[in-house]
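Structure, as structure tokens:
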Amino acid sequence: MSTPHPIVALTSSSSWALIEDKFTPFGKETLANLIDFVQNEVLPATKLAHAQIPTNPETRWKTERPILEELKAKAKKRGLWNLFLSKAHYPEHGVPLTNLEYAVMAEVLGGAGHIASEAVNCSAPDTGNMEVLARYGSPAQQKKWLLPLLNGEIRSAFAMTERFVASSDATNIRTSVRREGNEIVINGHKWWISGAGDARAKIHLVLGKSDPNNEKKYHQQSIVLVPADTPGVKIIRPMHVFGYDDAPEGHWEVIYENVRVPLDNLVLGWGRGFEIIQGRLGPGRIHHCMRSIGVAQNALNLMIQRVTDPSRKTFGKYLFEHGTVVADIAHCRAEIEGARLLVLSAALQIDKYKAKGAMKEIAIAKFVVPTMALNVLDRAMQAFGAEGLSQDQELAAAYAGLRTLRLADGPDAVHIQQVGQKELRRAKELTEQSNALKKKQNALLQKWNVKAHL
């Protein structure tokens, strides 16, 4: 009997059995390589990486952590780099991995905290921005910005969400993007722009309205490349999530005031902004979901250790011997397994039909998975008592990060509405099928001269 793949110990034999035959030999080898890297390099470095972030607000946002640079060098040497960028969709820049293969790897990375994804150059918002530049960028834009991002030399930001605007509807965006001669002038007030204040972020991809009077509301927006040091780019403040600032990347309020960039900084063309963001968000949502499952799995692991710790007995019993703890663990296990299969299905759909052909599956995963992971974390925090809510455990920070996902890349309500409306479109077909079935049933009743009881 062959030795099971190391992913089985981290996930489950059943989920691996469903997808193992869809992994290439390279995919299996890379996954095993990644697991070894995470377990023997990343996890031992997590506390040091956190300790290398200064508490001094003057230096907190200007820090490049030495341990992270060391991990990145090791990852590159192992060939664990840009794993998210599938060669099937990006032949020139991608790696020979499918979205399905990377989805499993994203779960492994998610279970090891933020530094794991960054160590292999697979962290947001850079992943989405690299996909935009790889798919839609001009050769000059790719040379100037994509290649340094692919090499991990710089970081980036995606400026879409706006203050004072209901940004869950992207057509509400007010930032002005207009042509003036051979320049583009940008004026707007953004916030929750991840990474914008990071000293390593050298380029912002800014979504704004270039044709606000266009009758086709999805052709009013354009995306422009704005170097972070351009005059008029004002980094206002980092936003906090339940008190966490997520330094040194953070989520920032940014004002673009009469920012001027060359006309060549327009991505793809005028009025193509909405098309670009739809292409960008699909795979990114799946990446978020798989990382979230990794976070939930890690929380369950911590919970199991806590409730079986003999030093934590209360009233003479282990914690798992009290109340509904065993049931809570069972629910966590079941919910993680179900969510994982849901996301793997969506990743497979993306591989087969691209993101546009998998919108329903992506939307379902987007509103199911973060809520599931939050429920798991909540149970784990309860098992830890007050310590679970504190900085002495990783659970509270993980909860804050996951809670943002119910809003990021579109709030739950938007995805739920989309899925529900898509289901309602089946009403006519279902009614026709039902009527056709009734006719057949009545015909059989008449043939046999039997009266229906229902």
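The values are calculated or read from the model by the stated rules, or taken from the named source; none is laboratory data. These figures come from a predicted structure and were not determined experimentally. Note that each Cβ is placed from the backbone with ideal geometry, even for glycine, and that neighbours are counted across all protein chains shown. These accessible areas exclude ligands, DNA and RNA; they are computed on the full protein's heavy atoms, side chains included. Shrake-Rupley method; radii C 1.70, N 1.55, O 1.52, S 1.80 Å.
Across the range 366-377, in residue order, what do the Karplus-derived ³J(HN,Hα) couplings come to in whole Hz, using 6.51 cos²θ - 1.76 cosθ + 1.60 with θ = phi - 60° and x for Gly and Pro?
5, 9, 7, 5, x, 5, 4, 5, 5, 5, 5, 4
If amide hydrogens are placed 1.01 Å from N in the peptide plane, which non-local residues have theirs closer than 5 Å to the one on Ile236?
Glu253, Val254, Ile255
Over the range 223-372, what relative contact order in percent results from Cα pairs under 8 Å that are six or more residues apart?
21
Ignoring ligands, DNA and RNA, what percent of the 1.4 Å accessible area of the range 155-267 is carbon and sulfur? Present the calculation step by step, with values, prior to reporting the outcome.
Values: 2390 of 4950 Å².
Answer for the range 155-267: carbon and sulfur cover 48 percent of the accessible area.
Express in nm, to one decimal, how much length is gained between Asn301 and Lys28 on full extension, taking 0.36 nm for each residue of separation and deducting their alpha carbon distance. It would help to have the intermediate numbers written out before the result.
Values: separation 273, 0.36 × 273 = 98.28 nm, distance 2.41 nm.
The Asn301-Lys28 span can extend by a further 95.9 nm.
Counting only protein chains, not ligands or nucleic acids, how are Lys439, Lys28, Lys451 ordered by accessible area (probe 1.4 Å), most first?
Numbers: Lys439 150, Lys28 60, Lys451 170 Å².
Result, largest first: Lys451, Lys439, Lys28.
Could you tell me how far the Cα centroid of the range 372-407 sits from the Cα centroid of the range 129-172, in Å?
The distance from the Cα centre of the range 129-172 to that of the range 372-407 comes to 30 Å.
Filter the GluC sites (Glu not before Pro) in the range 152-193 to those in DSSP coil with at most 16 other Cβ atoms within 10 Å of their Cβ, and list the result. Walk me through the numbers before you get to the answer.
Working: sites: Glu153, Glu162, Glu180, Glu183; in loops: Glu153.
Answer by residue number: Glu153.
Can you give me the distance in nm between label points at Glu58 and Ser13, each placed 7 Å from the Cα along the Cα-to-Cβ direction?
Each label point is offset 7 Å from its Cα along the Cβ direction, giving 5.9 nm.
Under a point spin-label approximation (7 Å from Cα along Cα-to-Cβ), what is the Arg163-Asn214 distance to one decimal in nm?
2.8
Considering Cα pairs under 8 angstrom that are at least six residues apart, work out the relative contact order of the range 155-267 and quote it in whole percent.
Numbers: 272 pairs, mean separation 35.6, N = 113.
Relative contact order comes out at 32 percent.
How far apart, in nanometres, would the label points at Lys47 and Glu429 be if each is projected 7 angstrom from Cα along the Cα-to-Cβ direction?
5.6
When the solvent-accessible surface of protein heavy atoms is calculated with a 1.4 angstrom probe, in what order do Thr30, Thr46 fall, highest first?
Reading off the accessible areas and sorting them downward yields Thr46, Thr30.
How high is the relative contact order of the chain, in percent, counting Cα pairs under 8 Å that sit 6 or more residues apart? Kindly include the intermediate steps, with their values, before the conclusion.
Values: 699 pairs, mean separation 57.8, N = 454.
Result for the chain is 13 percent.
Would you kindly derive the ³J(HN,Hα) couplings of the range 261-266 from the backbone phi angles with the Karplus curve 6.51 cos²θ - 1.76 cosθ + 1.60 (θ = phi - 60°), listing them in order in whole Hz, with x for Gly and Pro?
Result, rounded to whole Hz: 9, x, 4, 5, 7, 5.
Between Arg333 and Asn182, what FRET efficiency follows from the Cβ-Cβ distance if R0 is 56 Å, with the result rounded to 0.05? Provide the component values of the computation, followed by the final result.
Values: r = 60 Å, r/R0 = 1.07.
The pair Arg333/Asn182 has a calculated efficiency of 0.40.
Using a cut-off of 14 Å between beta-carbons, work out the net charge of the residues near Gly113 (Lys and Arg +1, Asp and Glu -1, Gly113 not included).
Taking every Cβ under 14 Å from that of Gly113, the sum is -3.
Of all GluC sites (Glu not before Pro) in the range 311-377, which ones are in loop regions per DSSP and have a Cβ with at most 12 other Cβ atoms within 10 Å? Each step should come with its number before you reach the end.
Values: sites: Glu321, Glu335, Glu337, Glu361; in loops: none.
Answer by residue number: there is no such site.
Check Ala201: other-chain or 5+ apart residues with amide H under 5 Å from its amide H, H built from backbone geometry?
Under 5 Å from the amide H of Ala201 lie the amide H atoms of Arg155, each far enough along the sequence or on another chain.
How many percent of the accessible area of the range 275-427 is carbon or sulfur, using a 1.4 Å probe?
Details: 4050 of 7170 Å².
Accessible surface attributable to carbon and sulfur in the range 275-427 totals 56 percent.
Tell me, what is the FRET efficiency for Phe315 and Phe242 to the nearest 0.05, using R0 = 35 angstrom and their Cβ-Cβ distance as r?
The value I calculate is 0.60.
With a sphere of radius 15 Å drawn around the Cβ of Thr171, what net charge do the other residues whose Cβ falls strictly inside it have (Lys, Arg +1; Asp, Glu -1)?
Numbers: positive: Arg174, Lys209, Lys216, Lys217, Arg272; negative: Glu162, Asp169, Asp211, Glu215, Glu275.
Local net charge: 0.
Please give every one of the aspartates and glutamates within straight-line cross-link reach of Lys366, meaning a C-alpha to C-alpha distance under 17 Å, and leave out same-chain neighbours fewer than 8 residues apart.
Counting by Cα, and skipping residues close in sequence, Lys366 has these aspartates and glutamates nearby: Glu107, Asp169, Glu335, Glu337, Asp409, Asp412, Glu423.
Just to confirm, what accessible area per residue do you get for the range 6-150 at 1.4 Å probe, in whole Å²?
Values: 6350 Å² over 145 residues.
Ligands and nucleic acids excluded, the result is 44 Å² per residue.
Could you tell me which of the pairs Lys76/Lys143; Lys87/Lys234; Lys234/Lys356; Lys47/Lys76; Lys352/Lys438 are separated by over 27 angstrom between their Cα atoms in the structure shown? Don't skip to the answer; put the middle values down first.
Working: Lys76/Lys143 20 Å; Lys87/Lys234 37 Å; Lys234/Lys356 35 Å; Lys47/Lys76 22 Å; Lys352/Lys438 37 Å.
Beyond 27 Å between Cα atoms: Lys87/Lys234; Lys234/Lys356; Lys352/Lys438.
Find which of His50, Phe37, His5 sits farthest along the positive direction of the dipole of the range 1-55, computed with +1 on the beta-carbon of Lys and Arg, -1 on that of Asp and Glu, about the Cα centre.
The listed residue farthest towards the positive side: His50.
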